[in-house]
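Input: a single structure, listed below in structure tokens.
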Amino acid sequence: MHVADEHHRAIGTGGARAAVFGVSDGLVTNVALILGMAAAHPGGSVVRLAGLAGLVAGSFSMSAGEYVSMRAQRELFERELALEKREIQSRPEVERRELIRIYESRGIEPDIARRLASEMMRTPELALETHAREELGITPSALGSPIQAAVSSSLTFAVGAFLPLLPWLVSGGTAATVGSVVIGAVAALGVGAALAMFTDRAWWRSAFRQLAISAVAAAITFGIGHVVGVSLH
């Protein structure tokens, strides 16, 4: 009987995660910012400027944040791997016994655990990969790419932030406000449904969760903008 191979998405580099969060953050941030500004009735040019500023500033902020966090995470992992490598080189028997205890704690028979640990310690590369996975919960070849995460989050944030800004580039006033609401709602549903493709969860649940998050953020900032606008007028 033929058994189908399992196919897993390559998400270890952090690019997929950063892309999903990037477009989601861009959409929520600029929907809220644009509607908050529009509620104060400052004029279409001011709303456009605010939306563009939010897009550019947010893209750079996301890029810098992802790069710094991924770089710090990678450096921490590399430090732990270096320590583990020295331990394997200087105390191989101690490290072998550690593996035996780990395997036995997971219910593997002692004789099998000893043979398995000895096999895993056969070469330095295999030993390091095994200890990193079993003790540290990481894979040496998949520590994540800071540059990929930074670029991915920056570009996708810009895409998400541009969508609610689009009506203000061709119109203004109530029509542009309604356009931002409609585009933001449709885009939120799309982002949520796309996220479900990564998680294999129900698309409608993910879609409406994203819509709810965007709606709450937009409603709060719209209310604040309206109050501020009334007080200024």
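The values are calculated or read from the model by the stated rules, or taken from the named source; none is laboratory data. Note that this is a predicted model, so its numbers are computed, not measured. Using ideal geometry, Cβ is built from the backbone for each residue, glycine included, and neighbour counts are taken over all protein chains shown.
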Which residue is nearest to Phe60 (Cα to Cα), if the candidates are limited to the range 142-172 and must be in a helix (DSSP H, G or I), at pLDDT 90 or above and of a type in the set (Gly, Ala, Ser)? Ser154
Which listed residue is touching a Ser or Thr at 6+ places or on another chain (Cβ under 7 Å), surrounded by 15 or more Cβ atoms within 10 Å (Cβ to Cβ) and within 26 Å of Asn30 (Cα to Cα), from Ser154, Ser145: Ser154
What's the total number of residues in the range 121-142 that are without any contact (Cβ under 8 Å) to a residue 24 or more places away in the chain and surrounded by 12 or more Cβ atoms within 10 Å (Cβ to Cβ)? 3
Top-ranked residue in the range 88-109 [being farther than 28 Å from Gln73 by Cβ and of a type outside the set (Val, Ile, Thr); ranked as surrounded by the most Cβ atoms within 10 Å (Cβ to Cβ)]: Arg96
Gln89 touching a helix residue (DSSP H, G or I) at 6+ places or on another chain (Cβ under 9 Å), part of a helix (DSSP H, G or I), farther than 30 Å from Ala19 by Cα and of a type in the set (S, T, N, Q): yes
Report yes if Ala219 is more than 21 Å from the chain's Cα centre (by Cα) and among the hydrophobic types (A, V, I, L, M, F, W, C), otherwise no. yes
Arg122 of a type in the set (Lys, Arg) and in a helix (DSSP H, G or I): no
For residues that are surrounded by fewer than 16 Cβ atoms within 10 Å (Cβ to Cβ) and of a type in the set (Val, Ile, Thr), scanning just the range 175-212, find the one that is nearest to the chain's Cα centre (by Cα). Thr199
Ile112 fails exactly one of the following numbered conditions: (1) part of a loop (DSSP other than H, G, I, E, B); (2) surrounded by fewer than 19 Cβ atoms within 10 Å (Cβ to Cβ). What is the number of that condition? (1)
